[in-house]
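Report on one structure; see the data block that follows.
The values are calculated or read from the model by the stated rules, or taken from the named source; none is laboratory data. On a predicted model such as this, the values are computed, not experimentally measured, just so you know. A quick note on method: Cβ atoms are made from the backbone with ideal geometry, for glycine too, and the neighbour counts reach across all protein chains shown.
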Amino acid sequence: MTATELSELYDQIRDTARRFSRAKLLPFYMQREKTEKTVDRALLREMGALGLIAPELPEEFGGLGIGSEASGIIVEEMGYGDFNIGYLPIMGSLMGKIIADHAPAHVATDWVTRIVAGEAIVAVALTEPGGGSDAANLTMRADKVDGGWLLNGEKTSCSTGDQADGILIFARTGTREERAHGISAFLLDTSAKGLSRTRFDDLGSHILGRGSLYLDDVFIPDDHLIGEPGKGFTKIMQGFDYSRALLGLVSVGAARASLDETWRYIQERRAFGEPLSAFQGVTFPLAEYEGQIEAIRQLCIQTLRLRDAGLPHTAEAAMCKWMGPKFATDAIQQCLLTHGHYGWSKDLPHQQRMRDVLGIQIGDGTAQIMKMVIARQRLRENA
């Protein structure tokens with residue numbers, strides 16, 4: 001495919017994602033929080049049918065086999081309409097790629113084709129109650145038995161965990177002293193016996209949900225070991241550079257929606273005989289966030305292009321992860337304040353977007369962890 005053909009295909013994907021987002025997501029964003037407790041599976045299947053989940057995966061799995069920038073385009077548009085729905089194709093891309101690359105062929109075909117079609121949600125369970133940001137400090141055990149493994153322990157802060165069909169779960173197969181080198185990854189079918197799940201009462205992202213998993217002698221067959229024993233953490237975690245860029249873009253999409261709504265509002269609302277747009281004290285803060293959000297967007301796209309080119313992008317991905325949610329939250333807060341007390345009410349979506357995006361400043365790596373990643377990369381490059 002030539003560069004021109006790829007650019008045209010990206011434009012078509014953007015148009016499809018935008019039309020879907022503006023028609024099916026944006027008008028019902030606030031309603032979903034009030035009336036729905038889980039992901040609308042029919043909506044997810046529609047996204048799959050439109051090719052809006054993991055188009056970068058090979059055609060054998062139902063993808064298009066194109067660059068990962070396509071998923072960046074999609075999640076930004078999804079984030080504009082509904083930040084939480086935008087999280088789903090991110091997990092589809094991340095989990096689909098990990099399973100396609102590291103699972104046995106028959107397992108990959110089964111799971112990845114369903115992910116791409118919107119027929120399955122696969123979550124990731126890494127965090128434990130005593131670990132938090134110390135991700136390699138795991139206590140959950142996986143013990144070898146005939147034909148598979150028995151897992152025992154607790155995971156927490158697992159997004160979509162109580163409604164996922166499968167969960168990529170990390171457990172220790174070596175000693176505590178081995179840290180990351182003694183951790184393996186498993187694909188858990190949530191119909192397995194011995195699994196129980198809870199949901200937290202979170203501030204935002206209500207339809208996704210977040211909670212704990214409890215595993216009591218849960219059996220996972222040998223063919224659902226993802227990657228080699230003891231190498232699940234070190235090899236598979238590299239894939240999270242991809243999702244970090246996408247998380248930056250879904251946050252950009254949410255901020256973009258609030259900014260667009262606010263630019264329209266200040267032209268309609270009048271004070272002192274003039275529209276609010278006549279006052280620089282109103283327009284300048286919005287203009288500043290326009291620049292910040294666009295800069296982050298370009299950084300995220302460049303990170304995806306580096307990934308597609310096979311070039312290092314770990315530091316850039318970490319920048320996307322801490323800057324995207326941070327400045328998107330700040331931009332949305334400014335939009336809320338610009339609407340005055342009307343913005344403070346729950347009649348407008350800014351408060352919901354702010355709550356939803358804020359959670360990504362915590363999950364999938366805090367700003368402090370991302371800055372550690374950036375510093376470590378730059379120190380290594382300049383040693």
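Structure notes:
- Here MET323 fits the description: of a type in the set (A, V, I, L, M), in a helix (DSSP H, G or I) and within 25 Å of LEU88 (Cα to Cα).
- Within region 249-267, residues that are in contact (Cβ under 8 Å) with a residue 40 or more places away in the chain have Cβ atoms under 6 Å from residues that are among the charged types (D, E, K, R) and surrounded by 24 or more Cβ atoms within 10 Å (Cβ to Cβ) in these pairs: LEU249/GLU76; VAL252/GLU76; GLY253/GLU76; ALA254/ARG353; SER258/ARG353, counting only partners at least 6 apart in sequence or on another chain.
- Every residue from region 61-117 that is in contact with a Gly (Cβ under 6 Å, 6 or more places away or on another chain), surrounded by 24 or more Cβ atoms within 10 Å (Cβ to Cβ) and among the β-branched types (Val, Ile, Thr): VAL75, ILE98, VAL112, ILE115, VAL116
- GLY324 meets all of the listed conditions (1) surrounded by fewer than 21 Cβ atoms within 10 Å (Cβ to Cβ); (2) under 20 Å from the mean Cα position of the chain (by Cα) but one, namely (1).
- Selection within region 225-238 - in contact with a helix residue (DSSP H, G or I) (Cβ under 6 Å, 6 or more places away or on another chain), surrounded by 16 or more Cβ atoms within 10 Å (Cβ to Cβ) and in a helix (DSSP H, G or I): PHE233, ILE236
- Taking every residue in region 16-29 that is outside the structural domain of PRO349 (by TED's automatic domain parsing) and closer than 15 Å to ALA70 by Cα and pairing it with any residue that is surrounded by 15 or more Cβ atoms within 10 Å (Cβ to Cβ) and of a type outside the set (A, V, I, L, M, F, W, C), at least 6 positions away or on another chain, the pairs with Cβ-Cβ distances below 7 Å are ALA17/GLU77; ARG18/GLU77.
- Pairs where the first residue, in region 369-380, is surrounded by fewer than 13 Cβ atoms within 10 Å (Cβ to Cβ) and the second is assigned to a helix (DSSP H, G or I), C-beta under 8 Å, 6+ apart: ARG378/ALA315
- Scanning region 29-70 for residues that are at pLDDT 95 or above and among the basic types (Lys, Arg), we see that the one that is nearest to MET1 (Cα to Cα) is ARG45.
- Residue match in region 140-155 (condition: surrounded by fewer than 24 Cβ atoms within 10 Å (Cβ to Cβ), among the polar types (S, T, N, Q) and touching a Leu at 6+ places or on another chain (Cβ under 9 Å)): yes
- Taken over region 233-253, residues that are among the charged types (D, E, K, R) and more than 10 Å from the chain's Cα centre (by Cα) amount to 2.
- Failed item in (1) modelled with pLDDT under 95; (2) part of a helix (DSSP H, G or I), with VAL107 passing the rest: (1)
- Among residues of region 201-224 being closer than 18 Å to ARG141 by Cβ and of a type in the set (D, E, K, R), the one that is surrounded by the fewest Cβ atoms within 10 Å (Cβ to Cβ) is ASP217.
- Residues being within 24 Å of MET237 (Cα to Cα), free of Cβ contacts under 8 Å to residues at least 60 places away in the same chain and either surrounded by fewer than 17 Cβ atoms within 10 Å (Cβ to Cβ) or outside the structural domain of PHE28 (by TED's automatic domain parsing) (or both) are represented in region 355-365 by at least one member.
- Subset tally (residues that are in contact with a Phe, Trp or Tyr (Cβ under 8 Å, 6 or more places away or on another chain) and of a type in the set (A, V, I, L, M)) for region 39-53: 3
- For region 141-171, the candidate set comprises residues that are touching a strand residue (DSSP E or B) at 6+ places or on another chain (Cβ under 6 Å) and of a type in the set (D, E, K, R); within that set, the residue that is farthest from ILE362 (Cα to Cα) is ASP143.
- Residue match in region 366-379 (condition: of a type in the set (Gly, Ala, Ser), part of a helix (DSSP H, G or I) and out of contact with any helix residue (DSSP H, G or I) (no Cβ under 8 Å at 6 or more places or on another chain)): yes
- Residue check, HIS350 touching a Cys at 6+ places or on another chain (Cβ under 7 Å) and either in contact (Cβ under 8 Å) with a residue 40 or more places away in the chain or of a type in the set (S, T, N, Q) (or both): yes
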